[in-house]
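So the structure is just underneath, and the comments pick up after that.
The values are calculated or read from the model by the stated rules, or taken from the named source; none is laboratory data. Keep in mind that what you see is a predicted model, and the values were worked out from it rather than measured. Glycine also receives a Cβ, built like all others from the backbone with ideal geometry; neighbour counts cover every protein chain displayed. Ligands, DNA and RNA are excluded from the accessible area calculation, which covers all protein heavy atoms including side chains. Shrake-Rupley method; radii C 1.70, N 1.55, O 1.52, S 1.80 Å.
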Amino acid sequence: MIDKPRIGFLGTGWIGRHRMAAMVGSGMVEAVAIADPSADMLAEAQAVAPAATVCATLDDMLALGLDGVVIATPSALHAAQSIRALDAGTAVFCQKPLGRDAMETAAVVDAARRADRLLGVDLSYRHTAGMRAIAPLVRGGALGRLFAIDLTFHNAYGPDKPWFYDRAQSGGGCVMDLGIHLADLALWLGGGARVAAVDAALYAGGLPLTGEAVEDYAAATVRLDNGVTVRLACSWRLHAGQDAVIEAAFYGTDGGAALRNVGGSFYDFTAEHFRGTTRETLAVPPDDWGGRAAIDWATRLARGDRFDADAAGEFVATARVLDAIYAAGTRG
């Protein structure tokens, strides 16, 4: 048990500050250190955690003897920074993706295993009230034998930071940014399933993806080794008629269930259970879910949890799905 884990926050842009505020507000952690190359971002972070030490580097943070570090930096840095922290004996909660491909992700998992330290990734949609209501239906057999999953995430804006459009820094486009959440939901409820086959199409600016561009539209059919077929579509800046279209629908022989965003919102969701032509509401807004993954990690850290092989294996499995989509979508 750790009375109140001492945490450093590496990267304090919007998402980093939001997760820091959620964790600090929960009373579960002490924000000991913050670091960001932007003075403006640091100033906003200090408003959340005025007692935190401002550090220039990750190594400066680790020298403070932290229990854990929260990483919210550009994707290209995640794997190396996570490994550095784990090798120093510090638990890690990292923004997605943990690595830009399955090899990088597996390297982080190996470091967590060696260090026997808790490793978490901010796969936040698992923690919506809607998915919490749908999960027991899928796992408990209320839907019968699951055979189809339809997943959609269209962001009609797209990222506003240049590094997202640089493959070397981001690892990919909308599949890496949005598709990772969709693939995670499919495997999280898939009982350890793995990819059997993939067909995919990737586009940039309405044309098939080529060269060093990153995709802004992707459609894939993923067949899992448990007999489930997953249809996945995601995009940036699609003419969607609203800010976002987000849906995760699960269909079995005895019923269906779906999480859907409300009125184009990125944050508000309904969840429903389907039986034939009837439906039952499982969850409605409001639901303050954004920081739950971070708070869950902090809770497990405080009670002394260490390396979780099952959870870490899920991170690698999801990365392999993305690798397979990229491989299928760029053939020829």
Checklist outcome for this item: So, over other residues within a Cβ distance under 12 Å of Leu42, counting Lys, Arg +1 and Asp, Glu -1, the net charge is -2
Item to check | Segment Asp166-Asp305, length gained on full extension (0.36 nm per residue, minus Cα span) | outcome: 46.4 nm
Next on the checklist: What translational diffusion coefficient, to the nearest whole µm²/s, does the stretch 127-287 have by Stokes-Einstein, given a Kirkwood radius computed over alpha-carbon pairs, a temperature of 10 °C and 1.306 mPa s viscosity?
Outcome noted: 97 µm²/s
Checklist entry - Using mean Cβ contacts within 10 Å as the protection proxy, how do 303-315, 112-124 order, highest first? => result 112-124, 303-315
Checklist outcome for this item: Once Ser26 and Ala56 are pulled to full extension, the length gained, defined as 0.36 nm per residue separation minus their Cα-Cα distance, is 8.1 nm
Next on the checklist: Could you work out the relative contact order of the chain? I mean the mean sequence separation of Cα pairs under 8 Å and 6+ apart, divided by the number of residues, in percent.
Outcome noted: 21 percent
Next on the checklist: Between the stretch 200-232 and the stretch 267-332, how far is it from one alpha carbon centroid to the other, in angstrom?
Outcome noted: 20 Å
Next on the checklist: Accessible area per residue for the stretch 127-287 in Å², computed with a 1.4 Å probe and the full protein assembly in place, what is it?
Outcome noted: 44 Å²
Next on the checklist: Could you report the accessible area of Val109 in Å², rounded to 10, computed with a 1.4 Å probe on the protein chains as they sit in the structure?
Outcome noted: 10 Å²
Checklist outcome for this item: In whole percent, the fraction of accessible protein surface over the stretch 127-287 that belongs to carbon or sulfur atoms, probe radius 1.4 Å, stands at 53 percent
Checklist entry - Helix-derived [θ] at 222 nm for the chain: sum -39500 (n - 2.57) over DSSP H runs of at least 4, divide by residue count, nearest 500? => result -10500 deg cm²/dmol
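Need the full-extension length gain, Ala63 to Arg145, defined as separation in residues times 0.36 nm minus the C-alpha distance. One decimal, nm.
24.4 nm
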